[in-house]
Each structure stands twice: as C-alpha cells, then as structure tokens.
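Asks: I have a structure I would like to understand better, so I am pasting it below and will then ask my questions one at a time.
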Amino acid sequence: MMVDAVITAMAVAGHENIPVIVAETGWPNSSPDAAEIDANELYSEMYVKGLLGHLRSGQGTPLRKEGVAEAYVYELVDEEAKETTSSQARARNWGILYANLSEKYEVQFSCAARYCGSLAELLIGFVLMLLILVWLIWYIPNSPW
C-alpha cells in the first residue's frame, strides 16, 4: 500500500519510470513501553519472513508489477543497552540479531536458483560432493576392471 502511494506521488510529479528502493523497513521486537504489546520477536519474525516471501514471489504491487528494485531491513543488530537516567527512554530494538550477534530467529535472505536451505546444509552437501569426486578419481584408475 505504501509503495503504491509513493509510486502515485512520483507519477503526479512526472517521474513514472524511476525504480523504487525501500530504504528502511522492519518491525520492532522489543520496546521499553509496556503498552506497545505488538513490539515482540514473534511479530518481527513474521514481518521479516513475510516481506522476504513477497519479494521472492516477484508479485510486486498493483501499480508496479515488477516490485521494488531493492529493500533494506532495519536493523541487522540490536544496539547495546545503554545506561539511562529517568529522563531518558531506552529505544526500541529492531535487529534480527542480538547485540552479541546471535540469531533471534532464522532468516534466509538469499536462495540458490533451485535450493533454499541453511548455510550448514549447503556446506554439508558441498563437502559430500567433494568426497564423492575424490573417491571416484581415486577408485576408477585403481579399479581391477
């Protein structure tokens, strides 16, 4: 909805063919305000995974069928907790990683053309392929046939 609003405003200004880049998008996963009950990790995970699913689908929006050119998730890492006085409020956290760089939830940002698994699964598959190749190279020349 917001992307189409920007596209409409750009068209009114005479700039229909400029690619749209979403500079910051995300969902807060914690807040110092107890009234902000929607600022939690579950909703943050749902938002980020839903966004990535939509971007991968290539569906775009009603006004821009090809979608946006790029989108940047805000933010990668939570800021360290800062010492605050009573007059200062601790800021919301938006990161998909904790300040110690551990994952809050698993997110796949990229996929191979036909495979979309974890990095560990890709590495295991690559190592197995190398072992099979080495075995074939060693076994075939030394075979008794």
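The values are calculated or read from the model by the stated rules, or taken from the named source; none is laboratory data. Computed from a prediction, not measured in an experiment: that's the story for all the values here. Glycine also receives a Cβ, built like all others from the backbone with ideal geometry; neighbour counts cover every protein chain displayed.
Asks: Give the number of residues within segment 5-52 that are of a type in the set (D, E, K, R), at pLDDT below 90 and surrounded by 13 or more Cβ atoms within 10 Å (Cβ to Cβ).
Replies: Residues in segment 5-52 being of a type in the set (D, E, K, R), at pLDDT below 90 and surrounded by 13 or more Cβ atoms within 10 Å (Cβ to Cβ): 0 in total.
Asks: Please specify each residue of segment 55-83 satisfying the condition of being more than 11 Å from the chain's Cα centre (by Cα), of a type outside the set (Gly, Ala, Ser), surrounded by 13 or more Cβ atoms within 10 Å (Cβ to Cβ) and within 15 Å of Val20 (Cβ to Cβ).
Replies: Within segment 55-83, Thr61, Leu63, Arg64, Val68 meet the criteria.
Asks: For residues that are among the polar types (S, T, N, Q) and surrounded by 12 or more Cβ atoms within 10 Å (Cβ to Cβ), scanning just segment 84-129, find the one that is modelled with the lowest pLDDT.
Replies: Our first condition is that a residue be among the polar types (S, T, N, Q); within segment 84-129, this holds for 84-88, 93, 100, 102, 108, 110, 118.
Filter again for surrounded by 12 or more Cβ atoms within 10 Å (Cβ to Cβ), leaving 93, 108.
Numbers: Asn93: 90, Gln108: 80.
Filtering first and then ranking leaves Gln108.
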